[in-house]
1. Would you mind telling me which numbered condition in (1) within 16 Å of the ligand (Cβ to nearest atom); (2) surrounded by fewer than 17 Cβ atoms within 10 Å (Cβ to Cβ) A:ASP64 fails?
2. Taking the stretch B:105-125, which residues are surrounded by fewer than 14 Cβ atoms within 10 Å (Cβ to Cβ) and at pLDDT 50 or above?
3. With A:THR4, A:THR76 as the choices, which residue is within 13 Å of the ligand (Cβ to nearest atom), assigned to a loop (DSSP other than H, G, I, E, B), at pLDDT below 90 and open to solvent by less than 60 Å² (accessible area, probe 1.4 Å)?
4. Looking at this structure, is A:ASP34 modelled with pLDDT of 90 or more, more than 16 Å from the ligand (Cβ to nearest atom) and charged (D, E, K, R)?
5. Using the structure shown, decide if A:ARG69 is assigned to a helix (DSSP H, G or I), open to solvent by 30 Å² or more (accessible area, probe 1.4 Å) and farther than 24 Å from B:ARG76 by Cβ.
6. Which one is nearest to B:SER77 (Cα to Cα), of the residues in the stretch A:31-52 that are more than 34 Å from the chain's Cα centre (by Cα) and free of Cβ contacts under 8 Å to residues at least 24 places away in the same chain?
7. Test each condition in (1) modelled with pLDDT of 65 or more; (2) in the same structural domain as B:LEU21 (by TED's automatic domain parsing); (3) over 18 Å from the mean Cα position of the chain (by Cα); (4) open to solvent by 10 Å² or more (accessible area, probe 1.4 Å) for B:GLU102 and report the one that comes out false.
8. Restricting to the stretch A:170-197, name every residue that is within 23 Å of A:LEU143 (Cβ to Cβ) and open to solvent by 50 Å² or more (accessible area, probe 1.4 Å).
Amino acid sequence: MTTTDPHALTGAYALHALDGREAAAFERHLAGCDACGQEVAEFTATTARLALASTVRTPPAMRDQVLRRVTTVRQTPPGAAPPQRVRRGVRRGGGPVRWALAASVAAAVAFGATAVWQYERAEDARLRAAQTQRQAEALAEVLAAPDARSRSARMAGGAGTLVVSPGRDRAVFVATGMSPPPRGKVYQLWFADGEEMRSAGLMAPGRGSQTVLMRGPVGGASDVGITVEPAGGSKQPTSEPVALLDMPA
Amino acid sequence: MKEPVFIDSRPVVQPDLQRLLHAVALGDQEAFAALYDAVAGSVLGVVRAVLRDRAQSEEVAQEVLVEVWRTAPRYRSELGTAVNWILTLAHRRAVDRVRSVEAAAARDTRAALLEHRTAYDEVSEEVESRLEREQVRRCLRTLTELQRQSVTLAYYRGLTYREVAEALALPLGTVKTRLRDGLVRLRDCLGVTA
Ligand SMILES: [Zn+2]
């Protein structure tokens with residue numbers, strides 16, 4: 001079929017109706033043909049509507065299984081992309097960088113301001129290039145804020161420290177030696193705001209010691225709670241808190 | 001019941017899926033849970049529309065959702081919107097499965113191929129997906145019979161265009177054209193832009 005017009009294959013391609021060899025050949029054509037590129041994009045958006053129209057209810061067990069599985073599945077790095085893309089793609093939510101960082105920040109909390117400064121220098125050296133570390137920077141800012149206050153408590157076989165900067169309206173939670181949650185479960189952090197519980201993010205599963213920038217503003221929260229939730233977290237707490245910490249005064 | 005009125009023909013899709021997918025790419029499991037809640041029904045729906053077997057569909061849908069988690073760092077907006085990227089992947093994987101299964105098993109008869117039935121028995125009651133379904137049905141009716149059959153066999157049954165040609169006893173070139181023209185008509189009827 002080498003003599004046929006490749007432009008005519010947009011429909012079959014978008015419908016996944018070409019066999020492997022033909023699809024590969026068409027993709028080579030596609031790379032250099034804007035008209036086909038545009039048409040395939042439109043057709044793909046069209047077939048997505050067929051998929052949306054097929055929406056069904058999913059069994060609750062499937063959600064649990066998928067959310068549990070992803071806790072053990074390593075993500076593909078952004079991969080063989082141009083340098084600026086690699087830089088943009090550096091993950092701040094997972095991977096070794098964050099854990100190295102968490103460890104150094106935990107040390108900073110333990111050893112005080114000098115360590116924070118060293119941490120910042122370390123950050124300069126190791127992480128400046130990884131510029132998506134906004135979260136880490138916000139975290140460091142909270143810890144280094146002149147108005148930062150902290151409160152610690154024993155919990156889950158270890159200890160937790162809540163650091164709050166009223167000026168920045170953010171909080172950081174530092175866990176030390178907490179027993180990991182049961183398999184398939186995570187620790188979830190909450191801001192308690194009167195009757196309202198606002199999720200403040202998840203702790204990484206399987207780590208007893210870590211430092212977490214709590215998500216969202218502190219606002220009027222009076223307490224911080226930690227609960228054990230199914231992988232992926234919950235919209236509202238589904239279990240009694242393993243720990244409750246008053247906002248440090 | 002009256003035909004629903006579409007003020008805006010675009011589907012009701014949470015506008016923050018893009019943002020969620022970016023958060024997922026950064027390893028955010030909570031964002032993944034939210035993304036799951038937004039797309040899992042459509043992922044399972046399209047996989048089941050192709051595979052029909054319930055257990056197999058769930059298995060493939062799970063694979064797709066885990067693949068979304070795994071490959072989220074590779075997602076770029078040039079690949080289309082988040083939801084299109086995910087649903088295209090879901091269809092691709094469903095088609096891969098149906099081809100690998102069918103390669104081993106005997107082919108359905110032509111009569112069975114032509115009998116298309118979507119898994120409408122357990123369809124979502126969500127208002128937006130009901131409206132979406134009505135609109136897609138209405139637009140599929142605007143296709144010629146041959147366009148509709150060709151698109152349906154390829155999309156919902158996972159046939160290659162050669163197999164579609166065999167099933168409908170049509171020349172290959174005709175099927176290619178029918179698939180393309182059928183999608184053009186669907187695109188215009190649905191008001192899709194990309
Ligand atoms: Zn072309």
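The values are calculated or read from the model by the stated rules, or taken from the named source; none is laboratory data. This structure is a prediction, so every number in the text was calculated from the model and none was measured. Methodologically, a virtual Cβ is constructed for each residue, glycine included, from the backbone with ideal geometry; neighbour enumeration extends over all protein chains shown. Please note that ligands, DNA and RNA were not included when accessible areas were found on the heavy atoms of the full protein model with its side chains. Shrake-Rupley method; radii C 1.70, N 1.55, O 1.52, S 1.80 Å.
1. (1)
2. Scanning the stretch B:105-125 gives B:ALA105, B:GLU125.
3. Only one candidate passes the filter, namely A:THR4.
4. no
5. Yes: the conditions hold for A:ARG69.
6. Filtering first and then ranking leaves A:ASP34.
7. (1)
8. If the condition is that a residue be within 23 Å of A:LEU143 (Cβ to Cβ) and open to solvent by 50 Å² or more (accessible area, probe 1.4 Å), then A:ARG170, A:THR176 are the ones that fit.
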